[in-house]
Amino acid sequence: MKIIRTARSMTAWSERLRREGVIIGFVPTMGALHDGHRSLIRAARLRCDALVVSIFVNPAQFSPTEDLTTYPRPIVRDRALCREEGVDVCFEPTARGMYPEGFQTTVTVPALARRWEGEARPQHFSGVATVVTKLFGIVHPHLALFGQKDYQQAALVRQLVNDLNLAVSIQVRPTIRERNGLAMSSRNAYLSPDERRIAPMLSQALRTGRQMIVGGVNDVAAIERTMRQTIEQTPAIHVEYLAVCDPNSLEPLSVVTDRAVLLGAVRIGSIRLIDNLLVKMPGRKSRASPQYS
Ligand code: PAF
């Protein structure tokens, strides 16, 4: 496995392979790789000839009060996982390389970034959109894979790829969960054993919401109330939002007609956890959702 640190060498590598007709897959990450990343890497491996994983803790998507300096960076373990999974290139740019002096362009996707994570983390999505656009411009992949765990991020990436006519195909893969339902995330490493024990309440609340919808309840206020009550049984968990939304626009629904996405964020101590579930009303003919298959 090659480790490439500069944009220029990364692009040169990709361009050489593209000229030979090689299909390049790409999994962008911030490192601290877990089984969720592993499943993206494996899915990419099946769909391409050469595979690039980027490991870059992107300062632009952290606010000054967030965990940029303490974000886990187990680079030796991350590289070992990439090697094990047959990754061809680990692209590990520096912050200076990505944002040199004089850098000024940002990418924003205002409507999709407005609510939910965008409300809690105002600069986050422009940081994500900017770095993902840059990474696509550097790596030149045919295909890039994202996890459904970050549903809003995936929706936004799809939107920017469409809006900016970027020649990359986006695939969103299912969330990988621990046995107790907790969605895998690099930030789970921050949870103490007690916090880890209660963290699955978020996925449990979303599952309860989904059961209600599948059982025929379409009143969103009732669904949201029940999801909230499920979590509020555990006082150590603070609900930030639990919402039933349109799976494409992410706007809140008042009634579920065919498809919905249940979005949730909670805080346990200082740790924020997010999760989501897609739901389809049984027996309803659904509008095709371009977001997720
Ligand atoms: O999901 C992540 O790990 C990051 O937001 C991403 C897409 C790698 C951009 O920094």
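What is the distance in Å between the Cα centres of the range 135-164 and the range 211-269?
Cα centres, the range 135-164 to the range 211-269: 26 Å.
Indicate, rounded to the nearest 5 percent, the antiparallel portion of the DSSP beta bridges found entirely in the chain.
DSSP beta bridges in the chain are roughly 50 percent antiparallel.
Pairwise over distinct Cα atoms, reciprocal of the mean inverse distance: report the Kirkwood radius of the range 134-293 in Å, one decimal place.
16.7
Carbon and sulfur: what percent of the range 151-251's accessible surface (1.4 Å probe)?
Ligands and nucleic acids excluded, carbon and sulfur reach 46 percent.
Rounding to the nearest 20 debye, state how big the charge dipole of the range 229-272 is about its Cα centre with +1 on each Lys and Arg Cβ and -1 on each Asp and Glu Cβ.
For this selection, approximately 180 debye.
Which longest uninterrupted range of the chain lacks any GluC sites (Glu not before Pro) assigned by DSSP to a loop state (not H, G, I, E or B) and surrounded by at most 12 other Cβ atoms within 10 Å?
102-293
Net charge near residue 39: determine it from the other residues with C-beta under 12 Å of the C-beta of residue 39, scoring Lys and Arg +1 and Asp and Glu -1.
Every neighbour counted, the sum reads +4.
Can you tell me what the convex hull of the Cα atoms of the chain projects to on average, as an area in nm²?
15.6
Work out the length of the dipole vector of the range 1-83 about its Cα centre, built from +1 on the beta-carbon of each Lys and Arg and -1 on the beta-carbon of each Asp and Glu, and round it to the nearest 20 debye.
400
Please report, ordered by residue number, every helix of the chain (full DSSP H runs) that is 15 Å or longer along its axis going by C-alpha atoms and whose mean Kyte-Doolittle hydropathy reaches 1.0.
Membrane-span-like by this rule: 124-139.
Have a look at 245, 90, 48 and tell me which one the Gaussian network model of the chain (Cα, springs below 10 Å) gives the largest fluctuation.
48
Looking at the square roots a ≥ b ≥ c of the eigenvalues of the Cα gyration tensor of the range 41-198, which shape do they give, rounded for a/c under 1.5, prolate if a/b is larger than b/c, or oblate?
rounded
For the range 1-109, with all protein chains present and a 1.4 Å probe, just round the carbon and sulfur fraction of the accessible area to a whole percent.
52
Averaging the inverse of every distinct alpha carbon separation and then flipping it gives the Kirkwood radius. What is it for the range 126-203, in angstrom units?
Roughly 14.2 Å, rounded to one decimal.
Would you mind getting the Kirkwood hydrodynamic radius of the range 180-222 from its Cα pairs, rounded to one decimal in Å?
Across the range 180-222, the inverse of the average 1/r is 11.9 Å.
In the chain, which longest range has no trypsin sites (Lys or Arg not before Pro) that are both DSSP loop (not H, G, I, E or B) and surrounded by at most 15 other Cβ atoms within 10 Å?
6-178
Could you provide, to the nearest whole Å², the per residue accessible area of the chain with probe 1.4 Å?
So the chain comes to 47 Å² accessible per residue, rounded to a whole number.
The values are calculated or read from the model by the stated rules, or taken from the named source; none is laboratory data. It should be emphasised that the depicted structure is a prediction, and the values quoted were computed from it without experimental measurement. All Cβ positions, glycine included, derive from the backbone under ideal geometry; neighbour counts span all protein chains shown. Accessible surface is based on the protein model in full, side chains and every heavy atom, while ligands, DNA and RNA are left aside. Shrake-Rupley method; radii C 1.70, N 1.55, O 1.52, S 1.80 Å.
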